[in-house]
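The structure under discussion appears below in the form of structure tokens.
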């Protein structure tokens, strides 16, 4: 090969490599970007005190959290209070998030990072908007999926992009903003020590009432049904009374709404719970369609007075959706508690003659 031919081949090879690199880059558009290491929102840390609202959108669903005085609440749930620790986590997370690595700029590849259009049906991305006074938008970002253990250990990052900017990024922070109102709330409605429950009375419309009390009337006795079961019947579970007390002692919400008006008479099951050294409560449970709703009142004397007042102040005027399994565990009918009668013996075969 002559030196001239070798030079031609070398130039052709170099051009071929250059073309391949350019072609790959133009088709994939993965880039570290010019802003790696910068904050996602450089000035947000100075504006956190101005944030008075958080809007989250995912597909057809939206959720708005609003600040009223010193309290945050869910606008879509009549201002029901939220867990401020969760508000603080997202605000601090967005203010401290840094751009770690630039990713694709191609919209047809956003779905791989769960950064597709947050208004599209079935989308996995969430649009998060921080609002200030008079509707001013202080920050806006589309959140995508997490990248777990991005720094080793348990620290994760989140894929993000800003609306109107095709560049996507991996940040160094795990950012969570659920579209579910429940995820922002304190989900626990009632917490009691089941061992301190002394009496329970269950009244279900159309059913004979059930009464539960501690045997011997002492604090150390076991809970048992009063005058039940009949002598000729047997309980399915010997500890059924204790199980009902445990179900009452811890109740979580699935959703919440304002209790604007009392339901029609006869539609409500009432459970009265007496306790020692803790609030005594009355649970009111009713069906609305296929869902179970509950509201409660609380009283207390001595050591239990302050806890009863806190419980009443927190729950007054609200009605809570509870899980079906929880309602079923509390509202036990007598027939549910008894062993079924034995099946009749098959008729004897006639003797052969």
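The values are calculated or read from the model by the stated rules, or taken from the named source; none is laboratory data. All values reported here derive from a predicted model rather than from experimental measurement. Heads up, the Cβs are rebuilt from the backbone with ideal geometry, glycines too, and the neighbour counts pull from every protein chain shown.
Observations on the structure shown:
- Among the residues of the stretch 91-108, the ones that are in a helix (DSSP H, G or I) and within 30 Å of the chain's Cα centre (by Cα) come to 6 in all.
- Residue among 326, 305, 287 that alone is outside any loop (DSSP other than H, G, I, E, B), at pLDDT 95 or above and within 18 Å of residue 202 (Cα to Cα): 326
- For the stretch 294-311, the set of residues classified as under 18 Å from residue 259 (Cβ atoms) and more than 23 Å from the chain's Cα centre (by Cα) consists of 297, 298, listed by residue number.
- Condition broken by residue 111, with the remaining ones in (1) in contact with a strand residue (DSSP E or B) (Cβ under 6 Å, 6 or more places away or on another chain); (2) not in a loop (DSSP other than H, G, I, E, B) satisfied: (1)
- Set side by side, the residues 238, 226 differ, and just one is without any contact (Cβ under 8 Å) to a residue 24 or more places away in the chain and within 35 Å of the chain's Cα centre (by Cα), which is 238.
- Top-ranked residue in the stretch 330-349 [being part of a helix (DSSP H, G or I) and surrounded by 15 or more Cβ atoms within 10 Å (Cβ to Cβ); ranked as nearest to the chain's Cα centre (by Cα)]: 330
- From the list 291, 315, the one residue that fits, being in contact (Cβ under 8 Å) with a residue 24 or more places away in the chain, more than 19 Å from residue 192 (Cβ to Cβ) and either in the same structural domain as residue 271 (by TED's automatic domain parsing) or loosely packed, with under 14 Cβ neighbours inside 10 Å (or both), is 291.
- Complete set of residues in the stretch 126-141 that are in contact with a helix residue (DSSP H, G or I) (Cβ under 8 Å, 6 or more places away or on another chain) and closer than 16 Å to residue 177 by Cα: 128, 130, 139, 141
- Residue in the stretch 126-133 that is free of Cβ contacts under 8 Å to residues at least 24 places away in the same chain and either in the same structural domain as residue 102 (by TED's automatic domain parsing) or more than 18 Å from residue 94 (Cα to Cα) (or both) present: no
- Any chance residue 241 is closer than 30 Å to residue 274 by Cβ and surrounded by 15 or more Cβ atoms within 10 Å (Cβ to Cβ): yes
- Test: residue in the stretch 95-107 that is surrounded by fewer than 17 Cβ atoms within 10 Å (Cβ to Cβ), within 20 Å of residue 185 (Cβ to Cβ) and modelled with pLDDT of 95 or more: no
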